[in-house]
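Q: The structure is given below, and queries will be raised subsequently.
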Amino acid sequence: MGIEIAFPGIQEDQVRAGLEFWAGPSTRKFAREFGVDIQQVRGSGQRGRITKEDIQQFIKHSMLARGSASTQSTQGIAGFDLLPWPKVDFTKFGEIERQARSRIQKVSAANLARNWVMIPAVTYHDDADITDLEEFRTALNQENQKDGVKITLLAFLIKAVVAALKKYPTFNSSLDGEDLILKKYFHIGFAVDTPGGLVVPVIRNVDQKGIQEIANETASLAMLAREGKLKPDQMQGASFTISSLGGIGGTYCAPIVNAPEVAILAVNKSAVKPVWDGKQFVPRLICPLSMTADHRVIDGALATHFTAHLSQLLGDFRKVML
Ligand code: CAO
């Protein structure tokens, strides 16, 4: 197991790069095996000699410091010099119940905390007029009433997002050090709310699939997710994620980017609103869009172009074919 050398949470006075330090060959070997830069370890032996136990302590503290960013331990968040998480005896104030968190909740908490801390993210909002699209979707579902899975807005969103990703490929990328990896595939993750917590199954090669096929796949993946039967590879490889909350409600939100992706789209509940057509107010079905982007990769102007384009595609779905 390799551990990165630049550990967070290492105190300045512990770093002794360039100075003489003492450690026997087996201790050095031990440090090397764990990828520990021995110059960063404080020796507790005679004349500051570094022992195997010092290396073990160093690894332990580094792991704790890293973990604290996600588990809100009392150590404070590594590298940010923040106050430790408040430790409160809640029983002093009233009755409480302690609940164990599910494995999924713990894993997503750790991921979300890392993404929140590491990504300078900005959320952009826009509206899409989906009056015509909703009319089309309703008619389609009426036609297919007997056979076929019901098509929800999600399938159209997924397809429209891929058309927008094609126009703005930066959104279909990942940072790799100083470089940007542009993906030529279009795998879209979509968040599913399950009793065990949030999971994100992935629809692969959306560009090669039709709306009905996407609807069938989202329905079966969502069912597998809720039954806790998704396989790991069904949750891997997404190049962009959609969080569709429209079936629940809400107006807008600010989703957290799902690293190593660079952007995420959240969609809340559509509502009929009065829209000025130049002569009068007309009732239109308006769908709120919220897109969070990693500002290291996507500037505000580009982000606004993307959401505006997506809004146009949803407003006139024929444009998805262009
Ligand atoms: N506006 C208005 N109505 C919408 C809508 C929108 N934007 N999106 C969906 N709806 C409607 C659907 O059309 C459906 O209505 P009808 O039965 O009348 O057609 C109803 O809401 C229920 O939809 P649904 O949520 O069951 O299905 P879906 O395909 O829209 O979404 C899924 C599937 C799996 C994405 C969704 O069930 C889900 O789990 N969403 C939660 C995602 C989540 O938790 N995100 C948070 C992540 S970060 O914390």
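Q: Just wondering, is there one or more residues in region 101-109 that are closer than 30 Å to residue 184 by Cβ and either at pLDDT 95 or above or away from the ligand (no atom under 13 Å from the Cβ) (or both)?
A: Taking region 101-109 first, the residues closer than 30 Å to residue 184 by Cβ are 107-108.
Still in the list and also either at pLDDT 95 or above or away from the ligand (no atom under 13 Å from the Cβ) (or both): 107.
Checked against the condition, which is being closer than 30 Å to residue 184 by Cβ and either at pLDDT 95 or above or away from the ligand (no atom under 13 Å from the Cβ) (or both), region 101-109 yields at least one hit.
Q: Of the residues 207, 233, which single one is surrounded by fewer than 20 Cβ atoms within 10 Å (Cβ to Cβ), without any contact (Cβ under 8 Å) to a residue 12 or more places away in the chain and out of contact with any Gly (no Cβ under 7 Å at 6 or more places or on another chain)? Please lay out each step first, then the result.
A: Values: 207 fails: without any contact (Cβ under 8 Å) to a residue 12 or more places away in the chain.
Of the residues listed, the single one that is surrounded by fewer than 20 Cβ atoms within 10 Å (Cβ to Cβ), without any contact (Cβ under 8 Å) to a residue 12 or more places away in the chain and out of contact with any Gly (no Cβ under 7 Å at 6 or more places or on another chain) is 233.
Q: Taking region 228-249 as the region of interest, how many residues are within 9 Å of the ligand (Cβ to nearest atom), within 21 Å of residue 122 (Cα to Cα) and assigned to a loop (DSSP other than H, G, I, E, B)?
A: First pass over region 228-249, keeping only residues within 9 Å of the ligand (Cβ to nearest atom): 241-249.
Checking which are within 21 Å of residue 122 (Cα to Cα) leaves us with 241-245.
Applying the additional criterion that residues be assigned to a loop (DSSP other than H, G, I, E, B) yields 245.
Total meeting the criteria: 1.
Q: Which one is farthest from the chain's Cα centre (by Cα) among residues in region 265-314 that are exposed (fewer than 13 other Cβ atoms within 10 Å of the Cβ) and among the β-branched types (Val, Ile, Thr)?
A: 282
Q: Only residues in region 123-134 that are assigned by TED's automatic domain parsing to the domain that holds residue 268 count as the first member; pair them with residues that are assigned to a strand (DSSP E or B) and among the basic types (Lys, Arg), Cβ under 7 angstrom, at least 6 apart or cross-chain, and list the lot.
A: From residues that are assigned by TED's automatic domain parsing to the domain that holds residue 268, the pairs are 129/284; 131/284.
Q: Just the residues that are closer than 17 Å to residue 266 by Cβ and among the aliphatic types (A, V, I, L, M), please, taken from region 163-181. Step through it out loud before you land on a result.
A: So the first thing to find is which residues in region 163-181 are closer than 17 Å to residue 266 by Cβ, and the list is 164-165, 171.
Result: 164, 165.
Q: For region 271-281, check the following and say yes or no: at least one residue is near the ligand (Cβ under 9 Å from one of its atoms) and modelled with pLDDT of 95 or more.
A: Taking region 271-281 first, the residues near the ligand (Cβ under 9 Å from one of its atoms) are 271.
In the following step, the residues that additionally are modelled with pLDDT of 95 or more were identified as 271.
Within region 271-281, one or more residues are near the ligand (Cβ under 9 Å from one of its atoms) and modelled with pLDDT of 95 or more.
Q: Then there is this: Looking at 301, 215, 263, which is the one that is touching a strand residue (DSSP E or B) at 6+ places or on another chain (Cβ under 8 Å) and assigned by TED's automatic domain parsing to the domain that holds residue 192? Spell out the reasoning first.
A: Numbers: 301 fails: touching a strand residue (DSSP E or B) at 6+ places or on another chain (Cβ under 8 Å); 215 fails: touching a strand residue (DSSP E or B) at 6+ places or on another chain (Cβ under 8 Å).
Selected residue: 263, the only one of 301, 215, 263 that is touching a strand residue (DSSP E or B) at 6+ places or on another chain (Cβ under 8 Å) and assigned by TED's automatic domain parsing to the domain that holds residue 192.
The values are calculated or read from the model by the stated rules, or taken from the named source; none is laboratory data. Keep in mind that what you see is a predicted model, and the values were worked out from it rather than measured. FYI the Cβ positions are ideal-geometry reconstructions off the backbone, even for glycines, and counts take in every protein chain you see.
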